[in-house]
């Protein structure tokens with residue numbers, strides 16, 4: 001019987017970096033695909049592990065890609081994107097909270113989470129929140145999920161992990177946590193039979 005749900009944050013509950021490329025492409029006159037590739041550098045992993053700051057990360061992108069934009073402008077665009085909730089998901093999480101114990105597991109940096117938690121009060125619905133910058137562990141590392149199971153004394157067969165990234169879901173499955181690849185609210189509701 002499923003008792004616990006572990007949710008990813010970006011692209012499941014709110015927008016993450018995906019979506020920023022539209023406004024940036026317009027401003028910088030650069031194709032969206034190139035912008036997304038720039039964000040997905042190795043520095044993103046260092047950022048999410050807490051090894052570099054948001055300012056260092058963005059500064060490296062701006063300099064290496066020669067973008068004509070200030071760090072403060074880029075930070076505003078990113079934060080504006082974080083404000084956008086994924087359709088129907090916040091209300092769905094409120095419903096799920098009545099039946100399950102909810103956890104959040106997200107690869108993010110400190111600065112972004114500070115902003116997101118201040119802006120999105122629904123995150124209080126989660127019993128525990130696991131952020132990569134605090135745990136020094138990404139969702140691509142199975143130890144992340146082993147730690148959640150161990151710290152909360154969970155049985156893996158009682159847990160479902162929900163993420164939009166198939167690599168992360170496969171990592172959770174390596175430790176016997178059932179996973180659902182998130183596409184949208186309707187699909188998730190059907191898969192959870194809720």
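Rounded to the nearest 500, what is the 222 nm mean residue ellipticity of the chain from helices alone, with -39500 (n - 2.57) per DSSP H run of 4+ residues and division by all residues?
Helix-only estimate at 222 nm: -14000 deg cm²/dmol.
Using the Cα atoms as the points, what is the convex hull volume per residue of segment 20-82 in Å³?
Residue-normalised Cα hull volume stands at 77 Å³.
Relative to the longest principal axis of the C-alpha atoms of the chain, give the angle of the C-alpha long axis of helix 142-151, reported between 0 and 90° and rounded to the nearest 10°.
Helix 142-151 sits at roughly 50 degrees to that axis.
Given the chain, what percent of its DSSP beta bridges are antiparallel, to the nearest 5?
5
Return the FRET efficiency for the residue pair residue 80, residue 59: r is the Cβ-Cβ distance, R0 is 22 Å, and the value is rounded to the nearest 0.05.
Computed FRET efficiency for residue 80 and residue 59 comes out at 0.65.
Highest mean first, what order results for 55-68, 105-118, 167-180 on Cβ atoms within 10 Å?
105-118, 167-180, 55-68
Within a 10 angstrom radius of the beta carbon, how do 159, 166 rank from fewest other beta carbons to most?
166, 159
Between residue 91 and residue 71, what is the FRET efficiency for a Förster distance of 41 Å, r being their Cβ-Cβ separation, to the nearest 0.05?
0.70
State, to one decimal in nm, how far the label point of residue 187 lies from the label point of residue 166, with both points 7 Å from Cα in the Cβ direction.
1.1
How high is the FRET efficiency from residue 51 to residue 124, r the C-beta distance, R0 30 Å, rounded to 0.05?
Efficiency, rounded to the nearest 0.05: 0.60.
Return a whole-number percent for the relative contact order of the chain, with Cα pairs under 8 Å and 6 or more residues apart as the contact set.
28
Would you please classify the overall shape of segment 81-165 from the alpha carbon gyration tensor, given that a ≥ b ≥ c denote the square roots of the eigenvalues, rounded means a/c under 1.5, and beyond that prolate means a/b larger than b/c while oblate covers the rest?
The shape class here is oblate.
Values in this text are rule-based calculations from the coordinates and carry no lab data. Computed from a predicted model, the values in this text were never measured in an experiment. Reconstructed Cβ throughout: ideal geometry from the backbone, glycine too, with neighbour counts over all protein chains shown.
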